[in-house]
Amino acid sequence: QVQLVESGGGLVQPGGSLRLSCAASIRTFSSYVMAWYRQAPGKERELVAHITGGGSTKYADSVQGRFTISRDNAKNTGYLQMNNLKPEDTAVYFCNVGPGDLRHFFLIASWGQGTQVTVSS
């Protein structure tokens with residue numbers, strides 16, 4: 001069973017930065033798409049960014065140009081660098097993995113605890 005552990009969240013002022021990490025306990029991590037999602041209070045979980053095993057990336061319009069997704073396949077770890085954070089970025093951030101490509105993929109892991117990101121002055 002795949003386990004995912006997200007970390008790196010916190011409280012930051014608008015305009016600030018955070019770097020989230022996602023550690024995955026899966027041997028075939030490098031062959032999977034890794035994705036970051038977020039869920040704000042009272043809202044549906046939404047896809048923020050995803051990256052293929054080869055490093056191709058795609059972002060939600062709301063974070064394009066501010067967030068950068070990356071991965072270290074040797075460490076089975078993915079990252080989300082978030083810059084110029086806005087109050088509307090406040091949410092619990094989750095990661096997940098699964099087979100597919102940049103256009104189509106599906107998730108194979110149970111959701112982890114996530115990591116809380118709060119953007120507030």
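Say we join alpha carbon atoms closer than 10 Å with springs in a Gaussian network model of the chain; which of Ser62, Ser21, Ser31 then has the biggest fluctuation?
Taking springs between Cα atoms under 10 Å, the residue moving most is Ser62.
Zone of Trp111 (label point 7 Å along Cα→Cβ, backbone N under 15 Å): which residues in the range 11-40?
Taking a point 7 Å out along Cα→Cβ of Trp111, the residues of the range 11-40 whose backbone N falls under 15 Å are 35-40.
For the chain, modelled as a GNM with alpha-carbon contacts under 10 angstrom, which of Thr52, Thr68, Thr28 fluctuates the most?
Thr28
Heavy atoms only, probe 1.4 angstrom, no DNA, RNA or ligands counted: give me Glu46, Glu88 ranked by accessible area, highest first.
Numbers: Glu46 75, Glu88 120 Å².
Descending order: Glu88, Glu46.
With springs only between Cα atoms under 10 Å, which of Leu20, Leu80, Leu11 fluctuates most in a Gaussian network model of the chain?
Between Leu20, Leu80, Leu11, it is Leu11 that shows the largest mean-square fluctuation.
DSSP beta bridges in the chain, what fraction antiparallel, as a percent rounded to 5?
On the way: 35 of 38 bridges.
Of the beta bridges lying entirely in the chain, close to 90 percent run antiparallel.
For Ile108, what accessible surface area do you get with a 1.4 Å probe? Give it in Å², rounded to 10.
Counting only protein heavy atoms, Ile108 exposes about 70 Å² to solvent.
Looking at the chain, which longest stretch skips every one of the trypsin sites (Lys or Arg not before Pro) that is in a DSSP loop with at most 12 other Cβ atoms within 10 Å, leaving the sites themselves out? All intermediate terms of the calculation are to be shown ahead of the outcome.
Values: sites that count: Arg27, Lys43, Arg103.
Between the exposed loop sites, the longest stretch runs 44-102.
Hey, what did the chain get for relative contact order, percent, Cα under 8 Å, at least 6 apart? Mind dumping the intermediate values first?
Details: 308 pairs, mean separation 43.8, N = 121.
Across the chain, relative contact order equals 36 percent.
For a quick check of understanding: with a 1.4 angstrom probe and all protein chains in place, what accessible area in square angstrom does Asp101 have, to the nearest ten?
Roughly 80 Å² of Asp101 is accessible to a 1.4 Å probe.
The values are calculated or read from the model by the stated rules, or taken from the named source; none is laboratory data. These numbers were taken from a predicted model, which means no experiment stands behind them. We place every Cβ from the backbone using ideal geometry, glycine too, and count neighbours over all the protein chains shown. The accessibility values were calculated without ligands, DNA or RNA, using every heavy atom of the protein model including side chains. Shrake-Rupley method; radii C 1.70, N 1.55, O 1.52, S 1.80 Å.
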